Amino acid sequence: MSRIRLQGLTRRFGQVTAVDDVWLDVADGEFLVLLGPSGCGKSTLLRMIAGLLEPSGGRVLLDDADITHAPPQRRNLAMVFQGYALYPHLSVARNIGFPLRARRLPKAVVRAKVAEVAAMVELTGLLDRRPRELSGGQRQRVALARALVRDPGAFLMDEPLSNLDAKLRATTRAEIAALHRRLGATVVYVTHDQVEAMTMATRIVLLNEGRVEQTGTPAEVYDEPASVFVARFLGSPPMNLLDATLHAAGSDLVARAPDVEVALGLDGAGLPDRAVTLGVRPEHLGFAPRGNAPFRAEVMSVENLGGEEVAHCRVGSAQVSVRGARPLGVAPGDRVGLSARPGHLHLFDAGSGRRLVWRPAGVQATTV
Ligand SMILES: Nc1ncnc2c1ncn2[C@@H]1O[C@H](COP(=O)(O)OP(=O)(O)OP(=O)(O)O)[C@@H](O)[C@H]1O
Ligand SMILES: [Mg+2]
C-alpha cells in the first residue's frame, strides 16, 4: 500500500477556485475522509488524485513518485464511484475480472483472483448473475471487488454509499471499515455524510470552499472544532452557537449574552471585553434550577427520537437545543435553567470564527 502526498494542489474552473492550495499527507494504511458540504471541492480533489482532472497548480506524489501528470491507468490507484459503473451485459465474475483481462493476464490467474476477491466481499454465490439481478448493496460490493482485484496502491472512493437505503448504508459502511482493517489499505474516501466520516475515518479533512478547514481524528474534530464552520457541520443537532461578550468579573472570566451569564473557569483578571461566539453541544447541556442557572431558557418544542429527546429552547433571541435520554421531563412553555461543565464550552472569535484557546497571556485564536 502507498502513501499519497498533495502539495499545494489547486484547481480553477474559470472564476471558481474549486480546490485552493491543499496540502495533505495520507499515510500508508490510513482511511482519510474528505468531508464537507456540496460544492466544497471534494470530488475535484479526488479526481485530481485519480488523474481524471488536470490540476491548475501543485503536485500529487504517490510514495516518492511525482504522478501529477501521469495518466490514470499508470497511477496504480483504484477508484470507486457513486454510480458503481458496472457493465450491465457482463456477469459479476466478468465485471470483477475486467481490470485483469484488460491487462491480458492468463485466464486461470484471472479466475483464481476473482474467486479470492469475491470470497472477501461475500459474492461467491452470485458470480454468474448480471448486475440487474443484484440488490444495490450487492452491486456496491461488485464495484468494490473490481477495485480490490487490481491490488492497487490506494483506493479512492467518491460517495460510494450514497444511493443505498439507510439500512444498507449502515451495513456496507461497516463492511468497508472491516475490509480496510483487514487489508491495511490506504483509502481516500469522499462523503458529505458526517456519520460515515465519524465512523470510518482514521482522519477527517474538513473542506470549506476548496480549502482545508481542519484535519484531525474524528474525536479531535468533534471535541475541538477549529472553527464555527466545523462546529456547525458536525453533530446532530449541531453545536449551539450564541453571540456573546467575554468579560472579566473579578478573577473569573464569564461569557455574557441575553439570558446567559456563564463562568468559564478561567482566570480573566484585567482582560478587556471581547466579542465571541459561545458554543455548547446539545448533549452537554442539562436542566438546572432556573434561579442562578448560567442559561435561562424557555422550552418551545420537544422532539422524540426514540431513545432520546431533543428540546428546542429559546435563550434570549437565540435557539438552543438540548439532547438527552428520553424523557427529558420538560414540556413546551416551561421556563427552565440550563447548565454545562466549563470543559464543554467552546469559544470562537466573533470575526474570524476561529477557535479561541486559553494561554497564560490571554485568549488567542488558533491558526490553521
Ligand atoms: N467541470 C466543471 N466545470 C466548472 N465548474 C466545476 C466543474 N466541476 C466542478 N465545478 C465547481 O467546482 C466546485 C467544486 O465542485 P465538486 O464537484 O468538487 O464539489 P463536491 O464537494 O464534490 O460537491 P458534492 O458534495 O455536491 O458532490 C463547485 O463550485 C462546482 O460547481
Ligand atoms: Mg462530489
Residues that are among the polar types (S, T, N, Q) and in contact with a Phe, Trp or Tyr (Cβ under 6 Å, 6 or more places away or on another chain), drawn from the range 272-328: THR277
Selection within the range 145-161 - surrounded by 23 or more Cβ atoms within 10 Å (Cβ to Cβ), closer than 19 Å to ASP25 by Cβ and more than 16 Å from ligand 1 (Cβ to nearest atom): ALA154, PHE155
Top-ranked residue in the range 288-307 [being surrounded by 14 or more Cβ atoms within 10 Å (Cβ to Cβ) and not in a strand (DSSP E or B); ranked as farthest from the chain's Cα centre (by Cα)]: ARG290
Cβ-Cβ under 6 Å pairs, at least 6 apart or on other chains, the range 113-127 side under 13 Å from GLN138 (Cα atoms), far side of a type in the set (S, T, N, Q): ALA118/THR124
Test: residue in the range 142-159 that is over 29 Å from PRO88 (Cβ atoms) and hydrophobic (A, V, I, L, M, F, W, C): no
Residue that is nearest to MET79 (Cα to Cα), among those in the range 117-158 that are part of a helix (DSSP H, G or I) and basic (Lys, Arg): ARG146
Exclusive hit being outside any loop (DSSP other than H, G, I, E, B), among the β-branched types (Val, Ile, Thr) and surrounded by 13 or more Cβ atoms within 10 Å (Cβ to Cβ), set VAL310, VAL330: VAL310
Filter pass, GLN214 being buried (at least 16 other Cβ atoms within 10 Å of the Cβ), within 16 Å of ligand 2 (Cβ to nearest atom) and either farther than 29 Å from ASP334 by Cα or of a type in the set (Lys, Arg) (or both): no
Failed criterion for GLU54 (all others in (1) within 16 Å of ligand 1 (Cβ to nearest atom); (2) under 15 Å from LEU156 (Cβ atoms) hold): (2)
Some residue of the range 172-189 being in contact (Cβ under 8 Å) with a residue 12 or more places away in the chain, buried (at least 22 other Cβ atoms within 10 Å of the Cβ) and in contact with a Ser or Thr (Cβ under 8 Å, 6 or more places away or on another chain): yes
Failed item, numbered, when VAL254 is tested on (1) surrounded by fewer than 19 Cβ atoms within 10 Å (Cβ to Cβ); (2) assigned to a strand (DSSP E or B); (3) modelled with pLDDT under 95: (1)
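The values are calculated or read from the model by the stated rules, or taken from the named source; none is laboratory data. Predicted, not measured: the structure shown is a model, and the values here were computed from it. In this analysis, Cβ positions are derived from the backbone assuming ideal geometry, glycine residues included, and neighbour counts consider all displayed protein chains.
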